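Let me begin by presenting the structure, written as structure tokens, before commenting on it.
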Amino acid sequence: MTTDVQVETIEPVELLIGGEWRAAAGGGRIEVEDPGSRRVLTTAADAAVEDALAALDAASAAAAGWAATPARERGEVLRRTFDLLVDRGEEFARLLTLEMGRPLAESRGEVAYGAEFFRWYAEEAVRINGRYGAAPAGNARILTSPRPVGPCLLIAPWNFPLAMATRKIGPALAAGCTAVLKPARETPLTSRALAELMEEAGLPAGVLNVITTSRPREVVAALLADPRLRKVSFTGSTEVGKELVRAAAGNLLRTSMELGGNAPLVVFEDADLDLAVREATLAKMRNTGQSCVAANRMLVAAPIAAEFGARLAAAIGEMPIGHGLEPGTEVGPLIDAAAGERLGGLVAEACEAGATMLLGAERDLPERGHFFAPAVLADVPADARILHEEAFGPVAPIVAFDTEEEALALANATPFGLASYVFTADMSRALRVIDGIEAGMVGINRGMISDASAPFGGIKQSGLGREGGPEGLAEYLSLRYASLAI
């Protein structure tokens with residue numbers, strides 16, 4: 001197999017500050033690589049602290065005007081952006097595939113999903129309401145009114161460069177907040193294209209600013225220390241999330257943290273095995289396993305564990321591996337070489353400890369790119385690191401269980417609590433598991449749970465707050481209460 005895909009010239013990415021695209025003050029550049037071929041696609045401006053503070057200057061200057069803009073007008077900007085994004089979906093899908101590697105068909109899915117946040121919040125913008133009522137004592141009236149929290153820092157990850165940005169931008173702008181968006185250094189192309197689209201849709205200068213940097217800790221620390229910033233929203237690792245929460249405490253910033261996961265996928269003996277295998281493949285292999293909600297541990301009832309493992313290995317083993325732009329590709333590359341080295345170490349340790357490899361390294365891989373052969377492991381020891389760390393790649397470890405109580409105990413044996421998946425034909429059992437599982441989200445007989453209208457987020461060390469749905473809008477609003485004497 002090869003990865004000889006022709007790529008057109010891509011314009012360098014600059015910083016968007018106050019409606020102006022410009023180079024970084026120090027002139028630094030970041031190389032943007034195609035992980036499917038290891039080719040350098042283009043470069044992006046490398047922002048320093050002074051660039052970040054200039055972006056916050058612009059967001060602060062635009063804040064009062066955007067907050068005062070009628071909700072209908074804010075919503076119409078989002079709706080026009082949705083329409084433009086849908087119209088140019090193929091262009092965006094190609095960018096996504098080039099800068100982070102996922103198969104083109106999946107990139108089209110991300111464009112459709114990401115666009116929905118603009119449609120949803122375009123409609124929610126006009127439904128930001130307070131309440132009016134009598135105080136119990138009868139001597140006053142209570143009036144509440146939601147207000148935008150103020151300028152926000154939105155930090156998006158590389159694995160879903162479009163959807164994770166729109167999931168933050170949509171509610172922030174609908175609420176009347178201005179923002180500084182910091183995409184991951186690996187994936188600035190989609191953010192640049194999205195910001196240009198929003199300009200075309202009529203977004204005023206300074207409402208959305210975009211900075212890329214190779215020094216995120218330094219740049220983000222300066223923004224969090226500035227009293228003009230009022231909120232930070234982050235999607236990424238738990239370790240970095242904890243650092244951000246500590247730094248945000250200095251100015252008591254509002255925080256939304258969508259952090260790491262260790263999602264269990266539980267298959268009971270009465271489950272529809274065809275459905276379970278199909279949906280488990282989706283939950284594991286979407287984005288080549290590089291997703292915080294990917295099924296990380298397959299917990300399967302002992303009587304069907306062998307059959308489930310064999311069928312899962314067969315299903316994943318049939319998925320073509322290649323560059324995301326090659327027709328028919330279903331498994332793309334990992335984001336970089338370090339990801340493959342880490343994943344290979346987890347698999348090797350599990351096998352040395354006694355796990356059986358049902359699918360693995362014997363598969364041919366493309367000659368170029370950061371590719372990793374998907375693996376399915378059975379009989380994985382309970383103390384194997386791969387069961388306790390987020391794999392973030394195409395490896396499915398299988399653990400057998402005997403009882404419903406044991407399944408729940410295994411599912412909850414993690415400090416994380418983002419997503420979970422359960423397969424059973426018994427709805428009474430499904431409801432018991434929903435009540436007993438320690439996760440912010442549960443998929444029952446399905447491997448895809450994300451929806452723009454639903455609250456996405458976790459518990460325990462998987463984060464704080466919610467994104468999506470009306471709950472996601474509330475994260476960008478503060479409440480003012482007035483007592484009216486009568």
Check: Do we find that residue 267 is β-branched (Val, Ile, Thr), under 17 Å from residue 294 (Cα atoms) and at pLDDT 95 or above in this structure?
Finding: yes
Margin query: What pairs come out if I take residues in segment 320-332 that are more than 16 Å from residue 287 (Cβ to Cβ) and in the same structural domain as residue 369 (by TED's automatic domain parsing) and pair them with residues that are surrounded by fewer than 23 Cβ atoms within 10 Å (Cβ to Cβ) and of a type outside the set (S, T, N, Q) whose C-beta lies under 9 Å away, six or more apart or interchain?
Written below: 326/1; 326/5; 326/104; 326/320; 326/366; 327/104; 328/320
Next item on the list: With the condition kept exactly as written, say whether any residue in segment 131-143 is closer than 16 Å to residue 476 by Cβ and of a type in the set (A, V, I, L, M).
Entry: no
Check: Does residue 103 satisfy the condition of being touching a strand residue (DSSP E or B) at 6+ places or on another chain (Cβ under 8 Å) and farther than 23 Å from residue 326 by Cβ?
Finding: no
Margin query: Would you confirm whether or not segment 21-29 contains a residue that is under 30 Å from residue 322 (Cα atoms) and within 27 Å of the chain's Cα centre (by Cα)?
Written below: yes
Checklist line | Residues satisfying the stated conditions in segment 407-428, i.e. surrounded by 15 or more Cβ atoms within 10 Å (Cβ to Cβ) and either at pLDDT below 95 or not in a loop (DSSP other than H, G, I, E, B) (or both) | finding: 407, 408, 410, 411, 416, 417, 419, 420, 421, 422, 423
Next item on the list: Determine, yes or no, whether residue 166 is on the phi < 0 side of the Ramachandran plot, of a type in the set (Ser, Thr, Tyr) and out of contact with any strand residue (DSSP E or B) (no Cβ under 8 Å at 6 or more places or on another chain).
Entry: yes
Item checked: Options 392, 456: the member that is closer than 30 Å to residue 66 by Cα, modelled with pLDDT of 95 or more and not assigned by TED's automatic domain parsing to the domain that holds residue 254 -> 456
Notebook entry, point to check: Of 272, 226, which residue is among the charged types (D, E, K, R), touching a Phe, Trp or Tyr at 6+ places or on another chain (Cβ under 8 Å) and touching a residue at least 24 places away in the same chain (Cβ under 8 Å)?
Noted result: 272
Notebook entry, point to check: Can residue 112 be described as buried (at least 24 other Cβ atoms within 10 Å of the Cβ) and in contact with a Gly (Cβ under 9 Å, 6 or more places away or on another chain)?
Noted result: no
Item checked: Tally of residues being surrounded by fewer than 20 Cβ atoms within 10 Å (Cβ to Cβ), within 14 Å of residue 182 (Cβ to Cβ), under 20 Å from the mean Cα position of the chain (by Cα) and not charged (D, E, K, R) across segment 217-260 -> 1
Notebook entry, point to check: Of all residues in segment 320-339, how many are aliphatic (A, V, I, L, M) and assigned to a loop (DSSP other than H, G, I, E, B)?
Noted result: 3
Notebook entry, point to check: Can you find even one residue in segment 30-38 that is farther than 23 Å from residue 340 by Cα and among the aliphatic types (A, V, I, L, M)?
Noted result: no
Margin query: On the basis of being closer than 30 Å to residue 215 by Cβ, surrounded by fewer than 23 Cβ atoms within 10 Å (Cβ to Cβ), acidic (Asp, Glu) and at pLDDT 95 or above, does residue 33 make the cut?
Written below: yes
Notebook entry, point to check: Among the listed residues 120, 158, which satisfies the condition of being under 27 Å from residue 230 (Cα atoms), aromatic (Phe, Trp, Tyr) and outside any helix (DSSP H, G or I)?
Noted result: 158
Notebook entry, point to check: Before we move on, is residue 217 over 22 Å from residue 256 (Cα atoms) and modelled with pLDDT of 95 or more?
Noted result: no
Next item on the list: Residues being free of Cβ contacts under 8 Å to residues at least 12 places away in the same chain and in a strand (DSSP E or B): count how many of those fall in segment 38-89.
Entry: 1
Margin query: Give me the helices (runs of 4 or more DSSP H) completely within segment 183-295, filtered to those with at least 1 residues that are over 25 Å from residue 10 (Cβ atoms) and of a type in the set (S, T, N, Q), ordered by residue number.
Written below: 238-248, 273-285
Check: Within segment 466-486, how many residues are buried (at least 19 other Cβ atoms within 10 Å of the Cβ) and part of a loop (DSSP other than H, G, I, E, B)?
Finding: 4
Note to self: Suppose we filter segment 379-406 for residues that are assigned to a helix (DSSP H, G or I), among the hydrophobic types (A, V, I, L, M, F, W, C) and touching a Leu at 6+ places or on another chain (Cβ under 8 Å); how many remain?
What the structure shows: 1
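The values are calculated or read from the model by the stated rules, or taken from the named source; none is laboratory data. What you see is a predicted model, and the numbers here were worked out from it, not measured in a lab. So basically every Cβ, Gly included, is an ideal-geometry build from the backbone, and we count neighbours across all protein chains shown.
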